């Protein structure tokens, strides 16, 4: 029930007075309510639960904590799986996506 | 999928398992509260990969499992009304009521619709002004903001034929109930990450302090769970009992402020009966006075029928508070299966009994 899936916001719009958006989950898109993530823009990753963004993924924290995890697995010389974006997990760097989506 | 795939890397998992094995010196019992976490732990066999000293027990974090029988019966009776449409998440449809389930209500002509979001149910109400559309609002803190938004929109847009049948429950009072229950063995908790994404973790701080239990806010992927367990074990071995956050990419201490504020506007806390466990004080949410016209329990007052009765062999209550494992039940996998469940934990995609059954664990194998 508390399932939450991370996805990337690809569109933001208003519908009947509430902030909505389109969210891409590795190729599958769905609409979601963004009222609880007022700061998100196109390109931001959010956690979606029953059609609502309940949390914004903090990419800097994610990169930092993942580096610590990777150290635990001695992963420096091993290929990480490709993500749907074609970005390898080991290439995650703070702000990377934001830079790419900025004009 | 980004933020999913990389948290399933088996080499990092091995590193974390080695880390745990290198830290643990004596037996510890740890509870994961959330049923979604239970399913990942059992499906991946993580409980069996951990050092023998660590026992995982499964908590009550399955809303479908703890929704009281009386409310299931109420939903079934609403679904059978010719002037009502009952909308629900799919999980609820096969949960046994006292004599039938929502699927059976649909089979005899009840209008029961499965929706993905409470906003979908609101849309059903907008399109069917002649019927009262009732959304079965089950869930923990994670789901409350969505349900609150739906009912607030109904009021705002004047959609008068939309109502909630509220069965909301809260995690911290349940943790307290487990800690004070006789014979409690739980020494540390993995707190549910998405509940905390909404609510933050300040409510867990006095619990950790007063009961001397480490609580680690934990995510849902295998590596999240292993890291959460490693953090709890680390605290236990060092004699610490604090709230720590493993799920840093999605949770901050104060939670989601806009979501909490809408939940507070729409709902208030109330005592709530948990199926299999009993009434836990201040453990539920109900609609505030200003939203009573959207409260299905006000629109369709409950008829006092035969008192609801549970199966006599089912030990769901003990399973839900971690006092028993699914395979301790004599009916597990024999009289009780996902196709023909005696208790709700065998039905839900988050129930511990279903997790064990789906992972192919059978009574004779695990008790041998």
### Query
How high is the relative contact order of chain B, given as a whole-number percent (alpha carbon pairs under 8 Å, six or more residues apart)?
22 percent
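With a 10 Å Cβ neighbour count serving as the proxy for reagent exposure, in which order, fewest first, do B:111, B:83 appear?
With the sparsest Cβ surroundings first, the list reads B:83, B:111.
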## Note on the structure
Longest principal axis of chain B (C-alpha) makes with the long axis of helix B:69-79 (C-alpha) an angle, in degrees to the nearest 10, of 40 degrees
### Shielding by partners - mean other protein chain Cβ count within 10 Å, residues of B:215-228
1
### Query
Once the mean 1/r over all distinct Cα pairs of chain B is inverted, what Kirkwood radius in angstroms do you read off?
21.2 Å
### Query
Any number yet on Rg/Rh for region B:103-173, C-alpha, Kirkwood?
1.00
### Summary
Candidates B:86, B:102, B:119; GNM for chain B (alpha-carbon contacts under 10 Å) flags as most fluctuating B:119
### Task
Normalise the Cα radius of gyration of the protein assembly as shown by 2.2 N^0.38 Å (N = residues in it) and let me know the number.
0.96
### Highest-MSF residue in chain B out of B:323, B:113, B:127 [GNM, Cα springs under 10 Å]
B:127
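Please pull out the direction-averaged projected area of region A:5-56, using the convex hull of its alpha-carbon atoms, in nm² to one decimal place.
3.0 nm²
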### Task
Would you calculate the separation in nanometres between label points at residue A:15 and residue A:67, each defined as 7 Å from the Cα along the Cα-to-beta-carbon direction?
4.0 nm
## Note on the structure
Rounded to the nearest 0.05, FRET efficiency between residue B:334 and residue B:113 (Cβ-Cβ, R0 35 Å) equals 0.55
#### Entry: For the protein assembly as shown, calculated [θ]222 nm from helices alone, where every DSSP H run of n ≥ 4 adds -39500 (n - 2.57)
-9500 deg cm²/dmol
#### Entry: Geometric extent, Cα atoms of region B:319-367 - Rg, Dmax (angstrom)
9.4, 25
#### Entry: Cubic angstrom per residue, convex hull over Cα atoms of region B:6-127
140 Å³
### Message
Please check: in the Gaussian network model of chain B (C-alpha springs, under 10 Å), which one of B:195, B:115, B:166 has the largest mean-square fluctuation.
### Response
B:115
### Task
Using only Cα atoms, find the angle between the long axis of helix B:171-180 and the longest principal axis of chain B, and express it within 0 to 90 degrees, rounded to the nearest 10.
60 degrees
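Between residue B:11 and residue B:83, what length comes free when the chain is fully extended (0.36 nm per residue of separation minus the Cα-Cα distance, one decimal in nm)?
20.3 nm
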### Task
Between residue B:26 and residue B:128, with labels modelled 7 Å along Cα→Cβ, what's the label distance in nm to one decimal, could you check?
5.9 nm
#### Entry: Tilt relative to chain B, helix B:257-266 - C-alpha long axis, 0 to 90 degrees, to 10
40 degrees
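Readers should treat all values here as calculations from the given coordinates under stated rules, not as data from a laboratory. Just so you know, these numbers come straight off a predicted model, no measurement behind them. Reconstructed Cβ throughout: ideal geometry from the backbone, glycine too, with neighbour counts over all protein chains shown.
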